[in-house]
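Values in this text are rule-based calculations from the coordinates and carry no lab data. Bear in mind that the values here come from a model prediction, so they are computed numbers and not experimental data. Cβ placement follows ideal geometry from the backbone for every residue including glycine, while neighbour counts extend to all protein chains displayed.
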Amino acid sequence: MNLEEALNYRRAVRVFDKNKPLDPEKVKHCLELASLAPSSSNMQLWEFFQITRPELIARVAGACLGQPAAATASEIVVFVTRQDLYRQRAQFVLEFERGNIRRNSPEERQAKRIRDRELYYGKLMPFLYARCCGILGAFRALLARGIGLFRPMMREVSECDMRVTVNKSCALAAQTFMIAMAAEGYDTCPLEGFDSKRMKKLLKLPHGAGINMVVPCGIRDREKGIWGERYRVPFDEVYHRL
């Protein structure tokens with residue numbers, strides 16, 4: 001499929017045909033494509049859990065409140081946010097950027113660009129993503145408000161705001177995954193209805209991790225998978241050309 005065909009094919013499938021298994025390697029490849037999705041400051045604060053064992057799928061379906069999409073899925077992918085890994089991911093990006101600049105920047109600009117990246121990923125990112133019971137976030141928000149009096153300034157820097165940022169980036173990866181799956185002729189159903197505490201326990205996640213989205217995967221049941229036509233708000237209601 002081309003992109004338009006994949007987008008038109010993709011639907012939130014509620015019931016899968018359990019007699020039509022998926023190729024786990026193709027699903028893994030779709031997750032590799034999902035990792036190409038953009039993320040805020042390239043921090044990539046996500047992890048993907050591909051669940052293929054039937055007994056674990058059944059337990060995950062239970063944590064998804066028994067929804068048919070999860071109960072009939074051949075596989076389930078859980079998209080997890082890892083804001084708690086911000087120091088490691090910032091260091092990873094910084095090390096890459098040092099080499100990237102040396103390989104691709106004019107020699108006379110390399111030193112300054114490396115210093116800029118060291119400031120950004122070595123100081124600013126740890127400062128923005130750090131959490132301390134809301135205290136650091138309140139300080140960042142107050143600081144941003146003060147700076148914003150004199151020049152344009154990003155103001156969404158509280159601890160809640162940064163959690164939203166991490167989840168937005170992870171959702172971009174989830175959407176990329178679902179489009180890639182559609183291009184393979186596979187079906188998905190993004191779920192937000194689940195018991196996050198039980199889900200984290202099943203996946204043995206640390207306290208600082210979060211569940212962004214659960215995506216059951218399979219081949220749609222031709223009779224029950226999709227009911228009716230797709231509905232969208234009229235485009236003129238959401239489109240604005242300025």
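How large are Rg and Dmax for segment 177-231 when calculated on the C-alpha trace, in angstrom?
Just the Cα atoms of segment 177-231 yield Rg and Dmax of 14.4, 41 Å.
Under a crude label model (7 Å from the Cα following the beta-carbon direction), how far is ARG103 from GLN91 in nanometres?
Taking the two extended label points, one gets 2.2 nm.
Which helices, counted as full DSSP H runs in the chain, have an axial Cα extent of no less than 27 Å and a Kyte-Doolittle average of -1.0 or above?
Numbers: long enough: 159-183 (37 Å, 0.66).
Span-like helices here: 159-183.
Measuring from label point to label point, each 7 Å out along Cα→Cβ, what is the SER196 to THR52 span in nm?
So the two model labels end up 2.9 nm from each other.
Taking 0.36 nm per residue of separation and subtracting the Cα-Cα distance, what length does fully extending LEU242 through ARG11 add?
Full extension from LEU242 to ARG11 adds 80.0 nm.
Taking segment 144-242 on its own, what percent of its Cα-Cα pair distances exceed 24 Å?
51 percent
Given Cβ point charges of +1 (Lys, Arg) and -1 (Asp, Glu) and nothing else, what value in debye, to the nearest 20, does the dipole of segment 106-242 about its Cα centre take?
The calculation lands at about 620 debye.
Compute the distance from the alpha-carbon center of segment 30-87 to that of segment 119-139, in whole Å.
26 Å
Only Cα pairs under 8 Å and at least 6 apart count here; give the relative contact order of the chain as a rounded whole percent.
36 percent
Eight or more residues apart or on different chains, and alpha-carbon atoms under 19 Å: count the Lys pairs in the chain matching that.
5
Given Cα pairs under 8 Å that are at least 6 residues apart, what percent is the relative contact order of segment 58-185?
That works out to 21 percent.
Once the chain is represented by equal point scatterers at the alpha-carbon sites, with solvent omitted, what log10 I(q)/I(0) does the Debye formula produce at q = 0.12, 0.17 Å⁻¹?
For the chain at q = 0.12, 0.17 Å⁻¹, log10 I(q)/I(0) is -0.83, -1.23.
About its Cα centre, what dipole magnitude does the chain give when the only charges are +1 on Lys and Arg Cβ and -1 on Asp and Glu Cβ, stated in debye to the nearest 20?
So the dipole magnitude of the chain works out to roughly 840 debye.
According to a simple spin-label model (label point 7 Å from Cα along Cα-to-Cβ), what is the distance in nm between GLU229 and ARG155?
My value for the distance between the label points is 4.2 nm.
As a check on your grasp of the helix formula, calculate [θ] at 222 nm for the chain: sum -39500 (n - 2.57) over DSSP H runs of n ≥ 4, divide by the residue count, round to the nearest 500.
-15000 deg cm²/dmol, from helical runs alone.
Taking every pair of Cα atoms in segment 62-139, average 1/r, invert it to obtain the Kirkwood radius, and report Rg/Rh to two decimals.
Rg/Rh: 1.25.
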